[in-house]
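Beneath this line is the structure, given in structure tokens, with notes to follow.
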Amino acid sequence: MTQNAHVLLERVALTSAEVAATRARSAKVALIAACLAEAEPAEVPTVVAYLSGELPQRRTGVGWAALRVVPPPAPTPTLTVAGLDATLARVAAVAGPGSQAERSRLVEDLFSRATGREQALLRGLLTGELRQGALEGVMTDAVAKASGIALADVRRAAMLRGAVGPVAQAALAGGAAALGQFRLQVGRPVQPMLASPAADVAAAFAKVPRAAVEWKLDGIRIQAHRHGGDVGIFTRSLDDITDRLPEVVEVVRSLQAHSVVLDGEAIALREDGRPRPFQETGSRTSSRADVEQGRRRAPVSPYFFDVLHLDGTDLLDAPAHERFDALAAVAPETVRVPRLVTADPAEASGFLDAAIDRGHEGVVVKALDARYEAGRRGSGWLKVKPRHTLDLVVLAAEWGHGRRRGRLSNLHLGARDPATGGFVMLGKTFKGLTDAMLAWQTERLLELAADRGDWVVHVRPELVVEVAFDGVQTSTRYPGGVVLRFARVLRHRPDKRPEQADDIESVRAVQAR
């Protein structure tokens, strides 16, 4: 198809509306692919962002209050994707005296030139409430379809780049050969490999007869990059937290390597070596305030379990046992996660018991020949915990009563639905929430509010919570056909993105055990 010099925003707005109106994943993919195929390469990253419900500028300073009253829609479409992006960049850059008035003027002018469909898209993008089911998996499928490139190649490039937009631009402009430019780059984080759940050690060893068994620490996933004296520390959601963890930076600088990329955990420990409450680790990694005071109060220690690059050699495609040898060569045992290599499930069970006795979550059973599959949750890594847990997304919350009055308490929990790119509700829970957790989640969920009812506040599906439960049972009340039994919140996981939450098939797999 001949590409246009400037893609009309109306075309993107129409696609967004059509994607939101269909539940079928294949239909969403086809609609997005058709839109991407019409875009000029330079505008592709912005189109990807808009159809993902995101703004390249991330924050513009425009919220619901500024959009309560907008001009009537324009009769014909004139806005282009490039023009909108440039205008929103100006809006985001407004600062100083009179900035609110200038921002309002720019937004009013923008809406006066937008059609009704474009205004709906703009409102959703500016408030962060564009819910159309175009999660990252759907978008990568669409890029593969639009470009004719193998899905595996698109996924790998996206994982290495940490973003779909630039990969989509390269794929549509230069084809499969252009994706070769996306390699592991020291200093730029890649999406982490994830573990799939296993019922117990025996079930894990049925899939991986001989394995490395590692303690699963109750900390924050980190990726450490070093080139010479430059060090970067990133979270599993690829956020840069280098300046928040100076003690971790010091450890990475002390390693005997010039360039290295390490995967591991950061965790605040007590003097006896047991983990402090997760909230203390979380507060260190989520705040830039009083870093030195936080370090004195709750020092964070890094423990690494993998190495992705070492002194000029990429190790992503090397088997796990070779990466483990490379890690041992560069990182002393004091900063490595405890590991046991065995083919004996009984020995592995004893190792699990030792991890639990030390206050940790469980173990991860890893195939010795597994490649590092960035951003993937495969069978090469299997996590075993002594209790059922899932990472779920909050879809809504109910106002509490009694001592919880004024706090958002009862959480509506959802699992990812790969078939639609949306979420499937699995039930509600208010159990496990401390006063501190209630206060934090109320503030956060109100920031994410899409519809503030008198009783229920519906929110953008962005906050992930780790939930423990006693089992899964069949239910006709919820659309997924299942509900969690005795669900209780263990902790909030702001370090995880919603697309990293567990999917409905993982929940049904628990039911089938």
Suppose we filter the range 285-315 for residues that are surrounded by fewer than 20 Cβ atoms within 10 Å (Cβ to Cβ) and assigned to a loop (DSSP other than H, G, I, E, B); how many remain?
8
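This table checks each residue for (1) farther than 26 Å from PRO197 by Cα; (2) open to solvent by 30 Å² or more (accessible area, probe 1.4 Å); (3) basic (Lys, Arg).
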site	(1), (2), (3)
ARG416	no, yes, yes
GLY427	no, no, no
TRP440	yes, yes, no
ASP451	yes, yes, no
VAL459	yes, no, no
ALA468	no, no, no
ARG488	no, yes, yes
ARG491	no, no, yes
I'd like to verify a number: residues in the range 275-284 that are in a loop (DSSP other than H, G, I, E, B) and crowded, with 17+ Cβ neighbours inside 10 Å, how many?
1
Residue count, the range 427-448 (criterion: modelled with pLDDT under 90 and closer than 27 Å to GLU136 by Cβ):
1
It is to be established whether one or more residues within the range 234-244 are of a type in the set (A, V, I, L, M), open to solvent by less than 30 Å² (accessible area, probe 1.4 Å) and either under 25 Å from LYS385 (Cβ atoms) or out of contact with any His (no Cβ under 7 Å at 6 or more places or on another chain) (or both).
yes
Criterion: open to solvent by less than 10 Å² (accessible area, probe 1.4 Å), at pLDDT 95 or above and not polar (S, T, N, Q) - qualifying residue of VAL154, VAL143:
VAL143
For the range 493-510, give me the residue count where each residue is farther than 22 Å from GLU280 by Cα, among the basic types (Lys, Arg) and buried (at least 19 other Cβ atoms within 10 Å of the Cβ).
0
Which of the residues that make up the range 77-99 are farther than 20 Å from PRO56 by Cα and either open to solvent by less than 60 Å² (accessible area, probe 1.4 Å) or free of Cβ contacts under 8 Å to residues at least 24 places away in the same chain (or both)?
PRO77, GLY96, PRO97, GLY98, SER99
From the set of residues in the range 365-409 that are open to solvent by 20 Å² or more (accessible area, probe 1.4 Å) and of a type in the set (A, V, I, L, M, F, W, C), which is farthest from PHE423 (Cα to Cα)?
LEU368
Quick check on VAL62: is it surrounded by fewer than 18 Cβ atoms within 10 Å (Cβ to Cβ), among the β-branched types (Val, Ile, Thr), part of a loop (DSSP other than H, G, I, E, B) and touching a residue at least 24 places away in the same chain (Cβ under 8 Å)?
no
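The values are calculated or read from the model by the stated rules, or taken from the named source; none is laboratory data. Source: prediction; values computed, not measured. Glycine also receives a Cβ, built like all others from the backbone with ideal geometry; neighbour counts cover every protein chain displayed. What goes into the accessible areas is simple: the full protein's heavy atoms, side chains included, and nothing from ligands, DNA or RNA. Shrake-Rupley method; radii C 1.70, N 1.55, O 1.52, S 1.80 Å.
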